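For reference, the structure is listed below as C-alpha cells.
The values are calculated or read from the model by the stated rules, or taken from the named source; none is laboratory data. Nothing here was measured: the structure is a model prediction, and the numbers come from that model. Using ideal geometry, Cβ is built from the backbone for each residue, glycine included, and neighbour counts are taken over all protein chains shown.
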Amino acid sequence: MALLQFIVKRKILVSLVTVLVLIVGGYSLLKLDKELMPAIEFDGAYVDVSAGELSAIEVERTITNPLEQRIQGIDGVEDTSSTTSVGRSSINITIETGRGDEVAKEIETVAQSTTADVTAVTDVVTDQYGTSQAYEFYMDVSNGDMDVITAFAEDVLEPRLEVLPEVSDVSLSGIQEYEMVIEFDRDKVLEKGIDVSQVSGVIQQGNSEATLGEFSEDQDAPTLRWNTKLTSVEDIENVQIATSTGFIKLKEIASVSMEPLESSSFVWKNGTKDFIFVRIGRVADVTQIEMAAAVREEIKNIEDEGLIKDFELNEMVAQADYVQESIDGVSSNILIGGLIAVLILLLFLRNIRATIIVGISIPTSILLTFLSMWVLNYSFNMLTLIGLGLGIGMMVDSSIVILESIYRKKEQGLRPLEAVVEGTKEVASAVFASMLTTIVVFLPVGLLGGEMGQFMILLSAVVAITLISSVIVSFTLIPTLSEKFLKLSKKPKAKEGRFIKGYGGLVSWVIKKKRNSIIMVVIFFLMFAGSLLLVPKIPMTIMPDVFNRYSELMVDLETGLSVQDKEAVVEKINEKLSAIEDVEQSYIMDEGTMFYTIINMTKGDDIVKEQKEVNEEIMSALRELEESTPIDSIQSATSAGGGYPVQLEIKGEDFDELQNISGDFIQELEKIEGIVAVNNSIERTSIEQVVELKESAIDDAGLTPLQIRQFIEQAFLNMPIGEITVDEVNVPLIMKWDISTNQQESLLKLKVPTNDGEKELSSFVELTSVDTPNEISHIDGERFVTISADIKDKDLGAINRDVQSLIDDFETPTGYTVSVAGDLEAQQELIQDMLLILGIAIFLVYLVMAVQFNNLAHPIVVMSIIPMTVVGVVAGLFITQRELSVMSGMGIVMLIGIVLNNAILLIDRTNQLRREGHGVNASLVEAGKNRIRPIFMTTLTTAGGMLPLALASGTSGNYQAPMATAIISGLLFATIITLVLIPAVYRIFNSIGNGFNRMFKKKKKEVEIKEIAS
C-alpha cells in the first residue's frame, strides 16, 4: 500500500491530473464521430451481374457457373451462394476471418474479367459487405413542372450542396431526361431496299468531329478540324442516305423527334414519379450531424433567396436525426442514472461530503472513458452508446465499495490517513477481482462470428473501458478526497440496526446446522428448475427492431414485368399505404425485380399508434396484394437477416423433383400455427419461345440461318447509336421501328425478302414454348430451392421448434435434403455460440477467482449464485414480455460478472476474518454484516443507473430495454439470494473439506500406529 500512501500524499498531482482528464476528455467528446452504426467492413462480398432479358437458364450457364468456379478457386473464400433470375446473377461470398478487404478486391478483378466476354452483360457491381453507406441524407424536389424542378436541381441545388466542405457527393435521380428517337417506317424501308444497320453507320459517321492534321509551318501551328456534329432534329432529318436509285434524306423513311425518357426515374413518391430524388454523402472527417446541419443551413439560404417557387423541397430521411436522438437518449439516461446513484448513496451514508466525492468521480470516469474511446478511434453510435449506458450503471460500484470501506474505518475511530489506507487495503483485492471477473466475461464474445460478433466486440470493449476508467478513478481520486474532505456526519453508533440484527440472525440459523444449509440450497435449486419452465413463454428474436418512426421494406416482384405493370403495382401499394393513418410518406425505388420501399411515419403529437402496431398493419395490408398483383413476397429490410424470418433449403439437382418435394413440404409447413405467406423460389416459371428453323425452306429460298437471325433481331430494333449535343446537353440517339413487334403473330407475319419475292417469316421458322424457372439458387455450386415464410402472433423461438420437428419427421428421396436457413438457421447457430461463450466466460471467471482466493473450492461457492441470476432474468423477461435476443443475451453474460462482485466481496471478507482467527460461522455472520451495506449500495446504484435504459423509448429504446431489463431483474434477485445462499454453500463446502481432513488425519494416524506396532 506504499503506492496508495504516495497517491494520497500527492493531492496536487492527483488534482492536476484530474483537471487534465476533464479538459482532454471534454475535447475528445467534441471530436468523437457521431453516426447511427459503426463503420465496420464484414468478411463477406457480393457480385451482382445484370444481363438484360437473358433467361435464368442462360444466365446460370454463361455467367453464374463460370463465376462461381473462379471465385471458389480464390484463396480465402470459404463458401458461396447465388441466385440466378431472368437477366440477373447475384453471388454472395463468405470470406475467411480477417481477410475481407484483400479477398474482396480479388473477387472484383475476377468478376470483371470473367464477364468481360459475355455480350449480354450490361453491368457488374462488386463490393464488400459493411455498415458504411455512400449516402446518409435524402431529399426530394416535387409538386411542380418536371422541367422546372430538373433545372433547379441541376443548376442550383446540386452545385450549391457539392461545394459545401461537409458534402462529398450529391446524386440526382428522376430528373427529366430526353432522347432523340428515329422511328423507321417499315414499308418505306423495304420499298427503298435499305438496310437499317447501314443507316446507323451513316448517322454515326456524320455525327462526328476529329482532328485531320496540323499546319506546322504556319504561325502558331494551327490544327485542321472536321466537325459535322448533329445538334438538332433538323440535322438528323437531313442526313443523306444512299439507295440503289440515289441519295435520299432520312426524313423520307423515318420520323425524328425529341421524346421524354419514361424510364429515367426509378423512384415513386406517394405513387407518382414526378419528383427528383436527392441523395447526399458526407466527407470522412465530419459527422452525420455536422453534415446535416450544413445542408439544412444551405437549404434555408436557398429558400431565403426565393429560388424555390411553384414546387417543394422536402427532407426525406436524415440519419443524423436518429443519431442525435440516440445520443440525447443516452445522455439523459446517464444524467438520470448518475442522479439515482447519488441519491442512493446519500440515502445509505446520509453524508453530503461522501455523496459529493462520488459525484465528482462519475464525470471524471465518464470523461476518461471518452478520452480512451477517442484514442481508440471509436465513434458515438448506437452500440457504443448502449455500452456506455450499461457501463454507467457499474461505473460507481468500485468507488462506492472503497468509499464505504474508508467511511466504516473512520466510524471505527481510525485516524484519517490510516482509515484511507486500511479501508482501501481491505477491499482492494475484491475490487480488482470484481473488475476482472466482469471484463473476462467479455473475452469470449469474439467467438461470436460474423457481423454480430464484430458488433458485440465493440459493445464489450466500451463496457471494459468504462470499468477500467472507473477503477482507476476509485483508487486515485476517492482515497485522495476521502482523507481530509470526508467527515463523519454523526458520532459512531455502538448498536446495530434492527435490519442488520435480523439478517445476522437469519444467516446464523442457515449455517448453524448443515441440514439447514442444505435445505436452503435445495429450495433455491427448485426455484431455478421452475424458472426454466417459463423460458418457452418468453418472446425470442435475433436482434430487436429499431423503432424510429421509419420503415424499410423489400417488395419482390415476378420477373418480366413491363413499365406499365410496375406502375399498376405501385398504384396499388400507394392505395394501401395511404389508408394507414400513421403513414406520412412512402418512397418506392425500382431495383429490377424488387421494389425497395421507404416509409416515413408520423412523429411527435401526430402519432396515433405505436410503431410496432403500424409495422404489422403495413405488412398485413401489403400482403393482401400478393393474391391480386404480380408481387412475390414482402419482407422487412431492417429486421435481422434482412428477409423472411423462416427460410428453408431443399437441395438436389433435378428441378421437377425439387418442385415435387417443395410442394409436399409446403403443405405440411402451412399447418404450423403462426406460419403465414409461404412461398417457393421455383413455383413460378416463365414461358420462353424457342426458334425452330425450317432448314429445307430456308435453303429453297436461297437464304442462310444467319440471315434469318439478323432479320429477327432487326424486327425487335431498339438500337442506341450514340449521342448528340442539344443546347449543351448530351441526348441519347435511338433507332427503332414506328410499329413495335410485341406479339408472336406480328413477328411471324413479317415479310422476308427472298430471290422469289417476299415471304412471311412463318415460312422459315416456328416457335416452341418452353417453361424455364424464374430463379435458380446455388450453395457452393449445388442447386437448391428456398421455401420462405413469415410469422404472425408467435415468436421466432416457438416457430423454430415447430419447424425443426417437421424437418425431423419429413422424408425425402436419396440425394435430397431439407435444412433450415435464414433467421431460423441464424438463431440455432446463435444459441450454440451463446452457450459456448457462456461456458468459456464461466471458466475464465473461475480462473480469476481461483487465483484471487488461491483456493479451488471458493470460486465454486461464489459461482453458485449464477443459477439464481437466471431465475431473476427469466422472471424479469417473462413479466415484462421483453424479447430474449442477442442484446438481452449480452445482458445475461454481463450480469454474470456483475452479480459475482457481491459474492466476491462477501467471500473475501469472510476469508480475511478467518485469517484473523475467527471461526467459520462467526466469520460468515460478521462478513455479511460488514458487506450488506456496500452490496445493497452497489446493487441499487447499478440497477438505478440502468433503470432509464429499461424504460427507454425512441430510436435505440428497443435495443436497450431488453438488455437492461435482464440485468436489473437478475441483479436484484441474485443480490437478495447472495446474502443467504453464499453463506449456506460456504458452510456446506467447509463441512465437506473438514470431513476430508478428518478422514485423511484418521488414515494418517492408523498408518503411524501400524508403524509403531511394527
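A residue that is among the hydrophobic types (A, V, I, L, M, F, W, C) and part of a helix (DSSP H, G or I) cannot be found anywhere in segment 729-740. For residue 157, are the conditions met, namely being surrounded by 13 or more Cβ atoms within 10 Å (Cβ to Cβ), of a type in the set (A, V, I, L, M) and within 30 Å of residue 301 (Cα to Cα)? Answer is yes for this residue. Looking only at residues that are touching a Pro at 6+ places or on another chain (Cβ under 9 Å) and not in a helix (DSSP H, G or I) in segment 637-669, which one is modelled with the highest pLDDT? Going through the qualifying residues, I end up with 652. Within segment 683-709, the set of residues being over 44 Å from the mean Cα position of the chain (by Cα) and in contact (Cβ under 8 Å) with a residue 60 or more places away in the chain comprises 690, 691, 692, 693, 694, 697, 698, 701, 703. Out of all the residues in segment 44-65, is one or more in a loop (DSSP other than H, G, I, E, B) and more than 30 Å from residue 689 (Cβ to Cβ)? Checked against the condition, which is being in a loop (DSSP other than H, G, I, E, B) and more than 30 Å from residue 689 (Cβ to Cβ), segment 44-65 yields no hits at all. Within this structure, residue 70 fails the test of being in contact (Cβ under 8 Å) with a residue 12 or more places away in the chain, charged (D, E, K, R) and closer than 30 Å to residue 382 by Cβ. Of all the residues in segment 84-109, those that are surrounded by fewer than 20 Cβ atoms within 10 Å (Cβ to Cβ) and over 22 Å from the mean Cα position of the chain (by Cα) number 5.
Answer yes if at least one residue in segment 50-58 is under 30 Å from the mean Cα position of the chain (by Cα), surrounded by 15 or more Cβ atoms within 10 Å (Cβ to Cβ) and of a type in the set (D, E, K, R), and no otherwise. No. Considered as a group, the residues in segment 598-621 that are buried (at least 18 other Cβ atoms within 10 Å of the Cβ) and of a type in the set (A, V, I, L, M, F, W, C) include one that is nearest to residue 635 (Cα to Cα), and that residue is 619.
For segment 599-628, name all the residues that are of a type in the set (Gly, Ala, Ser) and not in a helix (DSSP H, G or I).
We begin by selecting, within segment 599-628, every residue of a type in the set (Gly, Ala, Ser); these are 604, 620-621, 628.
Answer for segment 599-628, where residues must be of a type in the set (Gly, Ala, Ser) and not in a helix (DSSP H, G or I): just 628.
Taken together, 87, 73, 26 contain a single residue that is in the same structural domain as residue 367 (by TED's automatic domain parsing) and small (Gly, Ala, Ser), which is 26.
Residue 165 falls short on exactly one of the conditions (1) loosely packed, with under 13 Cβ neighbours inside 10 Å; (2) within 28 Å of the chain's Cα centre (by Cα); (3) under 29 Å from residue 38 (Cβ atoms), and that condition is (2).
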